[in-house]
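The values are calculated or read from the model by the stated rules, or taken from the named source; none is laboratory data. Fair warning: this is a prediction, and the values are worked out from it, not measured in the lab. For neighbour counting, all protein chains shown are included, and Cβ atoms are generated from backbone atoms with ideal geometry for every residue, glycine included.
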Amino acid sequence: MRDDIEVLINGKKRQVPEQRTIDDLLGDLGLSLDQVAVELNREIIKRADWGSRVIRRGDEIEIVHFVGGGEESLMSDRLRIADREFSSRLFLGTGKYKTFEIMKQALEASGAGVVTVAVRRVDLSDRGAESMFAYIDTNKLMILPNTAACYSADEAVRYARLGREAGLSDFVKLEVIGDPKTLFPDNEELLIATRQLVKEGFVVLPYTNDDPVVCRKLEDAGAAAVMPLGAPIGSGLGIQNVNNIRIIIESASVPVIVDAGVGTASDAAIAMELGVDGVLMNTGIAGARDPVGMAVAMKYAVEAGRKAFLAGRIPKKLYATASSPLEGVLS
């Protein structure tokens, strides 16, 4: 009879039978093998090796999946990032919805083509927990792993690697937070993480400040797009620094996607009218009184803003200019 050994799984001590493989362990825990990644003693274990890697006493094991944390567009021009094209320029997060069903309805109503998901530990105490992926049509939506809540380059790189190992794409929305109150990014760590992930073949979309210099450095580091904030995450304040966003657009040769701060449809339209390539939002929809209704409003706002940018607005003038000709008026 085999003895039990003590290991650390997702930060908690557990007793497991000795000589169990990773495959055996996942089966013992009742976990689905789809879209799960496993790290053993800080080494990501390839899925093909799960059946041969034996768990040893004292091993530290991390098991992660994705949690909420982002139809054809009417626009004819398509957004291209790296080797992917997107018909919609609206990106959505999947966090903060009251239920997965509301999230599903909002995603469908928005017409978005990309949704972000956060890499998180699997809750081993809740085997009956619903999978968010049951509510996302992955045939229509690209899943974009997000390194949300990472506070160092090392941590963000680790989460990005786990996200890719879990079976999604090489794309990653890179966040390295520098301050827990404002959730402003730590741009020094962000640059380090960007360079490392680009070396490893990731398509990096970094969330950063509305700082043209930092955006240029991220592009030089190999970022496939830059994602300056419009305002602090979840604030709903809209675009706070229009001029900086304009400078970033003018300087960038990669797509510019406003990320964070959009509170209502007019905020999204203003961002698109400036000439950004897309808008990523979460709270503005998930936190609305009617998330599905707001998702529809955001869809049309992004499309209208893009069309207005392409059409070209009239110059702003201090005084009036008559719309009707003055010739032929009665005297």
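Using the structure shown, decide if Ala106 is at pLDDT 90 or above and more than 15 Å from the chain's Cα centre (by Cα). Yes, satisfied. Beta carbons closer than 9 Å, at least 6 apart along the sequence or on distinct chains, pair a first residue in the range 131-147 that is more than 12 Å from Ala118 (Cα to Cα) with a second that is at pLDDT below 85 and of a type in the set (S, T, N, Q) for Ser131/Ser32; Ser131/Gln35; Phe133/Gln35; Met142/Ser169.
Exactly one residue out of Val204, Val157 is among the hydrophobic types (A, V, I, L, M, F, W, C) and part of a strand (DSSP E or B): that is Val204. Is it true that Ala224 is buried (at least 16 other Cβ atoms within 10 Å of the Cβ), assigned by TED's automatic domain parsing to the domain that holds Gly275 and outside any helix (DSSP H, G or I)? So Ala224 passes the test. Going by what's in this entry, would Asn187 be described as touching a helix residue (DSSP H, G or I) at 6+ places or on another chain (Cβ under 6 Å), buried (at least 16 other Cβ atoms within 10 Å of the Cβ) and polar (S, T, N, Q)? Yes; evaluated as a whole, the condition is true for this residue. Only residues that are assigned to a loop (DSSP other than H, G, I, E, B) and of a type in the set (Asp, Glu) were counted in the range 184-201, giving 2.
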